[in-house]
Amino acid sequence: MPVHYVTYKGIKFPPAYNSVHSLSFAHNEFLVRDDDVFNITYPKSGTVWMTEILSLIRSHGHPSWNQTVLNSDRMPWFSTRLGLEAALSYPSPRLLTCHLPRHIFPKSFSHSTAKVIYTLRDPRDVVVSYFYFCKMCNSYEDPVSFEQFLRDFLSGELPHGSWFEHVRGWMQMKDRENFFFITYEELKQDLQGSVRRLCHFLGQNLDDDAISSVVQNASFTAMRQNPMCSSILLPADIMDQTKGQFLRKGICGDWKNHFTVAQSETFNRIYLEKMQGLDVAFPWDRD
Ligand code: A3P
């Protein structure tokens with residue numbers, strides 16, 4: 001069945017949860033509260049992982065909230081039809097999630113002290129993860145081939161728009177006090193240190209046992225065993241779990257198993273072009 005994406009401000013969004021109205025409401029009318037905490041990502045960059053980490057920090061490492069309440073209720077997707085209601089009735093301080101690019105993020109954010117946590121990932125691993133995700137998720141077009149999918153990624157044609165513009169848009173905030181960015185690669189390399197940095201940013205004091213519990217319960221293995229975040233409970237008409245797993249591999253560098261030499265060269269050329277002038281060094285820039 002062909003997928004009819006919702007288009008808002010020139011960006012395609014999957015139809016299952018989004019509507020022009022929900023996106024326009026999020027952009028123009030949604031009222032950000034000063035004590036909101038936003039988990040923001042381009043798809044496949046570690047959104048659900050960060051949701052687990054942030055809800056565990058909120059619970060001082062006690063896993064019961066994560067184990068009994070769906071991740072989408074713990075951190076509602078406020079720009080979607082279903083998430084908006086949850087966000088509006090969420091008692092402060094709220095934890096909220098989205099994939100929105102900076103230029104269509106709520107206008108009311110500009111004058112607020114709400115905190116943003118922006119997680120990024122090596123775009124080559126993002127595209128591989130996104131490719132498999134689209135195969136199993138029915139509100140995305142089934143990719144024709146990896147070759148074509150990569151081309152669409154590089155030209156910003158995929159749902160949620162261009163990775164490059166997403167990153168450039170959000171990274172403009174990198175010097176703001178209420179903005180914290182972290183990479184998937186840093187989370188993988190040092191989850192404990194990353195959790196400590198996140199706690200510091202959030203002003204949450206967790207003792208060593210609580211930090212260890214966050215690390216343990218946000219591990220790939222623990223998350224796979226937790227139906228509240230593994231996506232296993234999603235109905236088959238949304239996600240066909242016979243075609244793959246949402247928590248697929250959870251590793252860095254899987255792109256090396258997918259890119260040809262020519263694709264890697266084209267990627268590097270376009271990456272350098274599009275990221276020019278962005279004064280930040282990411283872990284994958286060393287590759
Ligand atoms: P892979 O498809 O490469 O395995 P998002 O939540 O933004 O959609 O990102 C999903 C990606 O994050 C998937 O990548 C998933 O496996 C990975 N991920 C989720 N939780 C993780 C964890 N605890 N450790 C490592 N990777 C994790």
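The values are calculated or read from the model by the stated rules, or taken from the named source; none is laboratory data. Keep in mind the model is a prediction, meaning the values are calculated, not measured. Cβ sites come from the backbone with ideal geometry, for glycine too, and all protein chains shown count toward neighbours.
Scanning segment 252-268 for residues that are in contact (Cβ under 8 Å) with a residue 12 or more places away in the chain and β-branched (V, I, T) yields a single hit, T266. Is it the case that some residue within segment 54-75 is under 15 Å from the mean Cα position of the chain (by Cα), aliphatic (A, V, I, L, M), assigned to a helix (DSSP H, G or I) and at pLDDT 95 or above? Taking every residue of segment 54-75 in turn, at least one turns out to be under 15 Å from the mean Cα position of the chain (by Cα), aliphatic (A, V, I, L, M), assigned to a helix (DSSP H, G or I) and at pLDDT 95 or above.
For segment 252-286, the tally of residues that are surrounded by 12 or more Cβ atoms within 10 Å (Cβ to Cβ) and assigned to a loop (DSSP other than H, G, I, E, B) stands at 6.
Hey, could you check segment 214-233 for residues that are away from the ligand (no atom under 11 Å from the Cβ) and buried (at least 19 other Cβ atoms within 10 Å of the Cβ) and say which is nearest to L54 (Cα to Cα)? Only one residue fits best here, namely V214. Scanning segment 137-161 for residues that are touching a residue at least 24 places away in the same chain (Cβ under 8 Å), more than 16 Å from the ligand (Cβ to nearest atom) and among the hydroxyl-bearing types (S, T, Y) yields nothing. For segment 44-84, the set of residues classified as among the charged types (D, E, K, R) and either surrounded by fewer than 23 Cβ atoms within 10 Å (Cβ to Cβ) or away from the ligand (no atom under 12 Å from the Cβ) (or both) consists of R58, D73, R74, R81, listed by residue number.
Summed over segment 17-43, the residues that are within 16 Å of the ligand (Cβ to nearest atom) and assigned to a loop (DSSP other than H, G, I, E, B) give a count of 4. Residues in segment 112-136 that are near the ligand (Cβ under 9 Å from one of its atoms), in contact with a Ser or Thr (Cβ under 7 Å, 6 or more places away or on another chain) and of a type in the set (A, V, I, L, M): 1 in all.
Cβ-Cβ contacts under 6 Å between residues 6 or more apart (or on different chains), taken from a first residue in segment 188-214 that is among the small types (G, A, S) to a second residue that is part of a helix (DSSP H, G or I) and surrounded by 14 or more Cβ atoms within 10 Å (Cβ to Cβ), are listed as S194/E186; S194/L187.
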